[in-house]
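Below you'll find the structure, written out as structure tokens, and then a few comments.
The values are calculated or read from the model by the stated rules, or taken from the named source; none is laboratory data. Bear in mind the structure is a predicted one, so any value in this text is a computation, not a measurement. Don't worry about glycine lacking a Cβ; one is built from the backbone with ideal geometry, like all the others, and counts go over all protein chains shown. The protein model used for the area step is the full one, side chains on, heavy atoms only, and it has no ligands, DNA or RNA in it. Shrake-Rupley method; radii C 1.70, N 1.55, O 1.52, S 1.80 Å.
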Amino acid sequence: MASVLVASNRGPVSYTLGEDGTLDARRGGGGLVSGLSAVDSQDSLWVCAALGAGDREAVRRGVAEPGVRMLAIDPDVYADAYNGIANSVLWFLHHHLYEIPREPVFDAEFRRRWESYRAYNRAFAEALAEAADDGAAVLVQDYHLALVPGQLRELRPDLRIGHFTHTPWASSEYLRMLPEEVREELVWGMLGADELGFHTWSWAFSFLNGAHIDSATGVTTPLSPTGTPWRGVDHMKWGAPRRSTRLRVHPLGVDGEELRALAHRPEVDERLARLREEVGDRLTIVRVDRTELSKNILRGLLAYRELLTVHPEWRGRVVHLASAYPSRQDLEAYRSYTAAVSELAEEINAEFGTADWQPVLVSVQDDFTRSLAVYRMADVALVNPVRDGMNLVAKEIPVVSEAGCALVLSDQAGAYTELREDALTVNPFDVSATAEALHTALSMPAAERADRTKRLAVAATALPPQRWFLDQLEALTTPPEE
Ligand code: G6P
């Protein structure tokens with residue numbers, strides 16, 4: 001039994017099955033992994049999904065890391081829930097990615113998948129209910145598991161339940177596109193929690209607006225007492241006369257010391273030396289993303305092309321290092337986006353390249369060592385998502401950058417809230433403004449760049465993962481200050 005539980009789709013470890021039948025465990029990194037390390041592992045449990053054949057085989061053989069429980073959900077149910085709903089519907093809604101004349105379509109097939117999503121959430125709720133001590137704290141993560149708080153509340157009313165959304169939350173206009181019964185189930189699923197966490201108030205207020213669409217949800221928003229850092233949603237479900245769900249903001253940051261240590265390992269030094277040779281004494285504009293529709297890589301490349309057209313003085317003097325590693329390739333929209341990124345990069349190289357200068361270098365390897373090397377040599381960083389929960393790359397680059405790096409940052413990234421003063425901020429749809437911001441960034445005097453980078457690094461490390469996690473745990477286990 002555990003007194004602190006975390007639930008997320010992707011867990012801290014994944015297994016690959018070798019041809020000889022051996023299982024290889026690979027441990028992941030990320031905010032949650034270091035966050036949970038702040039808690040005594042004897043007392044904690046991380047519930048996650050078995051993602052592939054290796055993970056499922058590990059479950060079958062009873063192989064498990066201490067403190068981790070993988071759920072081997074039926075592969076068809078899992079595919080419907082993860083690809084069919086979480087990544088195709090909820091991700092698209094929260095990031096406003098639909099091309100409205102054709103999408104979304106909510107038909108019988110959608111409703112079948114939604115049932116799978118409910119069943120997949122249910123599997124998590126049951127596993128958590130079974131493993132949680134009396135009054136335990138449960139921290140549920142992200143849009144994959146939006147129904148878990150409500151389902152778990154039904155099973156175990158004694159638990160303290162938190163949910164953290166790592167993405168944005170859909171504006172109420174977008175949420176309204178969902179069939180009414182689905183929208184209500186989603187909002188009620190979330191309202192099963194005692195605490196709902198978001199990266200910014202913008203996303204938290206979107207949730208509040210959405211919860212108020214229907215009078216059917218019967219929610220009211222009490223004002224939090226002056227000076228307390230939360231907003232509340234009162235409702236009549238799960239306990240009379242009312243229950244309160246509090247909304248709070250916990251903007252995840254970076255562990256500066258750990259990241260700098262990682263960035264100065266010998267293998268990163270080696271990569272850096274090789275990259276420097278390739279780039280020569282040219283300035284660098286860097287970006288590092290999953291090839292993800294919301295990251296706006298295409299408009300970023302268009303802005304670079306416009307920069308080279310409108311400010312030809314940069315030709316031959318700058319290289320755009322774009323790390324765009326494949327993601328969610330089961331989805332056609334992602335496959336064609338990945339192809340479009342490579343095509344546009346090739347076009348730019350064909351248009352402007354010379355015998356000794358390749359304007360864009362695209363890397364499609366998910367290679368953290370290379371990313372760190374690229375961070376260190378960045379003169380300009382381009383982070384221009386159309387909508388993004390936080391965007392940790394915007395926080396990591398200033399921490400690691402050596403010479404100081406001018407950050408061109410979208411005003412639609414969660415990180416904008418904390419970094420806007422020292423970044424060059426852009427509307428991510430405005431390609432010309434982005435091109436001009438790149439020009440300003442490249443032209444910025446080195447001393448100003450270094451000063452801004454120092455301040456950006458301070459802001460980026462304000463809430464490192466362990467503190468971020470403990471703050472949520474504390475909020476969840478401290479009685480409301482009413
Ligand atoms: C976003 C989500 C995470 C997710 C990650 C990678 O950051 O908020 O929950 O794990 O993307 O996506 P994937 O589908 O590869 O897990």
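Quick notes on this structure:
- S172, S432, reordered so the largest accessible area comes first (probe 1.4 Å): S432, S172
- Prolate is the label for the range 340-482, because a/c, from the alpha-carbon gyration tensor with a ≥ b ≥ c as root eigenvalues, is 1.5 or above and a/b exceeds b/c.
- Accessible area (Å², per residue) of the chain, counting only protein heavy atoms and a probe of 1.4 Å: 42
- Largest to smallest accessible area among H95, H166 [probe 1.4 Å]: H166, H95
- Backbone N under 15 Å from the A261 label point (7 Å along Cα→Cβ), restricted to the range 32-67: 34-35, 37-38
- Spatially, the range 65-117 and the range 254-275 are offset by 36 Å when compared through their Cα centroids.
- DSSP assigns beta bridges within the range 347-482; of those with both partners inside it, close to 10 percent run antiparallel.
- With every protein chain in place, the range 278-364: carbon and sulfur % of accessible area (1.4 Å): 49
- Set of aspartates and glutamates near K237 by C-alpha distance (under 12 Å), chain-local residues within fewer than 8 positions excluded: E154
- Of the solvent-accessible surface of the range 27-148, computed with a 1.4 Å probe over protein heavy atoms with every protein chain present, carbon and sulfur atoms account for 47 percent.
- With a simple spin-label model that places each label point 7 Å from the Cα along the Cα-to-Cβ direction, the separation between W201 and E313 comes to 4.1 nm.
- Per residue, the Cα convex hull of the chain amounts to 156 Å³.
- Per-residue packing, averaged as other Cβ atoms within 10 Å, sorts the ranges 318-330, 373-385 into the order 373-385, 318-330, beginning with the highest.
- With N the number of residues in the range 262-346, Rg(Cα) / (2.2 N^0.38 Å) evaluates to 1.26.
- Computed from the C-beta positions of R176 and A355, the FRET efficiency with R₀ = 45 Å rounds to 0.25.
- The accessible area of H212, taken with all protein chains in place and a 1.4 Å probe, comes to roughly 80 Å².
- Global form of the range 289-403, assessed from the alpha-carbon gyration tensor, a/c cut-off 1.5: oblate
- For K395, the lysines whose Cα falls under 23 Å of its own Cα, not counting residues fewer than eight places away in the same chain, are K295, K454.
- Dipole of the chain [Lys/Arg +1, Asp/Glu -1 at C-beta], most positive-end residue of L438, I100, A263: L438
- Sequence of R156, R112 when ordered by accessible area, the most exposed leading, probe 1.4 angstrom: R112, R156
- At least 24 Å along the helix axis (C-alpha) and Kyte average at least -0.5, DSSP helices within the chain: 332-352
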